[in-house]
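One structure is given here, and the rest of the page talks about it.
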Amino acid sequence: AQRVTQVQPTGSSQWGEEVTLDCSYETSEYFYRIFWYRQLFSGEMVFLIYQPSFDTQNQRSGRYSVVFQKSFKSISLVISASQPEDSGTYFCALSELITGTYQRFGTGTKLQVVP
Amino acid sequence: EAAVTQSPRNKVAVTGGKVTLSCNQTNNHNNMYWYRQDTGHGLRLIHYSYGAGSTEKGDIPDGYKASRPSQENFSLILELATPSQTSVYFCASVGGQNTLYFGAGTRLSVL
């Protein structure tokens, strides 16, 4: 069964600090991708970064990177030098590639970055 | 730039009424999804489509129908709206590497 869990409903950070948001998942597939999206206060959903299961290298995009622990079925989003503009709700999502199933989302972590 | 447009942005409906939520994408993407977002549940998939003429049930399809008359348009239909369908609805098209491009969302209130 496919399941995505984000146990932190909320998080906070001070301006300039590094932030880590956690996600765990369940899948029986070997090939899959984990995505991270951010929901702005306007409601808009924005793609941030994704990690393919077959890539042992942690992906990085600008100030976003992931820590991928495949054996634990765990992935963390790391935001370096956090800024107030990074505030919002962060979702991880699982997409299984072989079965071609759709992306299933976690419940999200609402992050607030304060000056 | 990918473009997914939802209409209306806000809708108030009466219980038992019919509601149609529309989604248009100019990305020429084959796959499209309808999700609903509720506090504590994240985004849950209602229906999806692989292309014109195709609709498939997602995780929570009960009470909803979908229609994909063309590559660009994907509609979500509530034939008999109920208060439990009050939610924010998102349409998305699927681009390269399975990345989702979302519309701005439709806030639906069923009274």
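Read-outs: derived from the displayed coordinates by stated rules, not from any lab. Worth saying up front: this structure is predicted, and the values here are computed from it rather than measured. Every residue, glycine among them, receives a Cβ derived from its backbone with ideal geometry; neighbour counts consider all protein chains shown.
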Seminar exercise, completed: Phi-derived 3J(HN,Hα) across the range B:13-21 with the Karplus relation (6.51, -1.76, 1.60, θ = phi - 60°), rounded Hz, x for Gly and Pro, is 10, 9, 4, x, x, 9, 10, 10, 9
Exercise. Tell me, what is the Rg over Rh of the range B:19-77, with Rh the Kirkwood radius over Cα pairs?
Worked result: 0.97
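Ignore the peptide's own chain and count Cβ atoms of other chains within 10 Å of each Cβ in A:7-15; give me the average, rounded.
Mean number of neighbouring Cβ atoms from other chains: 0.
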For this session: Over the whole of A:87-95, what's the average partner chain Cβ count within 10 Å per residue? Rounded to a whole number, please.
Result: 2
Exercise. Using Cα-only point scatterers and the Debye equation, what is log10 of I(q)/I(0) for the protein assembly as shown at each q in 0.08, 0.13, 0.17 Å⁻¹, rounded to two decimals?
Worked result: -0.29, -0.76, -1.23
Problem set entry | Note, ³J(HN,Hα) from phi for the range A:19-36, Karplus 6.51, -1.76, 1.60, rounded to Hz, x at Gly and Pro | 10, 10, 10, 9, 8, 10, 8, 10, 7, 9, 8, 8, 9, 7, 10, 10, 10, 10
For this session: Using only atoms on other chains, find how many Cβ atoms lie within 10 Å of each Cβ of peptide B:34-41 and report the average.
Result: 3
Problem set entry | the range A:72-90 and the range A:2-69: distance between their alpha carbon centers, rounded to Å | 7
Seminar exercise, completed: Fewest-first ordering of A:THR5, B:THR39 by Cβ atoms within 10 Å yields B:THR39, A:THR5
Problem set entry | Separation between Cα centres of the range B:1-60 and the range B:63-111, rounded to whole Å | 1
Exercise. If amide H atoms are built 1.01 Å from N in the plane of the peptide, which residues on other chains or at least 5 residues away come under 5 Å of the amide H of B:HIS47?
Worked result: B:TRP34, B:GLY58
Exercise. Using Cα-only point scatterers and the Debye equation, what is log10 of I(q)/I(0) for the range A:20-63 at each q in 0.21, 0.29 Å⁻¹, rounded to two decimals?
Worked result: -0.86, -1.21
Exercise. Applying 1/(1 + (r/R0)^6) with R0 = 45 Å to the Cβ-Cβ distance of B:LYS65 and A:VAL7, what FRET efficiency is obtained, to the nearest 0.05?
Worked result: 0.80
For this session: For the range B:35-42, take each phi angle, set θ = phi - 60°, evaluate the Karplus expression 6.51 cos²θ - 1.76 cosθ + 1.60, and give the result in whole Hz per residue in order, putting x for glycine and proline.
Result: 10, 10, 10, 10, 4, x, 10, x
Problem set entry | Dipole of the protein assembly as shown [Lys/Arg +1, Asp/Glu -1 at C-beta], most positive-end residue of B:ASN28, B:GLY95, A:VAL114 | B:ASN28
Exercise. With +1 on each Lys and Arg Cβ and -1 on each Asp and Glu Cβ, how big is the dipole of the range A:1-56 about its Cα centre, in debye rounded to the nearest 20?
Worked result: 160
Exercise. If each of A:LEU97 and B:ALA3 carries a label point 7 Å out from its Cα toward its Cβ, how far apart are those two points in nm?
Worked result: 3.2
Seminar exercise, completed: For chain B, the percent of all C-alpha pairs falling in each 5 Å bin, from 0 up to the bin holding the max distance, is 2, 13, 25, 27, 19, 9, 3, 1, 0
For this session: Would you calculate the separation in nanometres between label points at B:ALA52 and B:LYS18, each defined as 7 Å from the Cα along the Cα-to-beta-carbon direction?
Result: 2.4
Exercise. So which lysines can A:LYS70 reach, going by Cα to Cα under 28 Å and dropping same-chain residues fewer than 8 places off?
Worked result: A:LYS110
For this session: Give the long-range amide H neighbours of B:ALA104: residues separated by 5 or more places, or on another chain, with amide H under 5 Å away, using H modelled in the peptide plane at 1.01 Å from N.
Result: B:GLN6
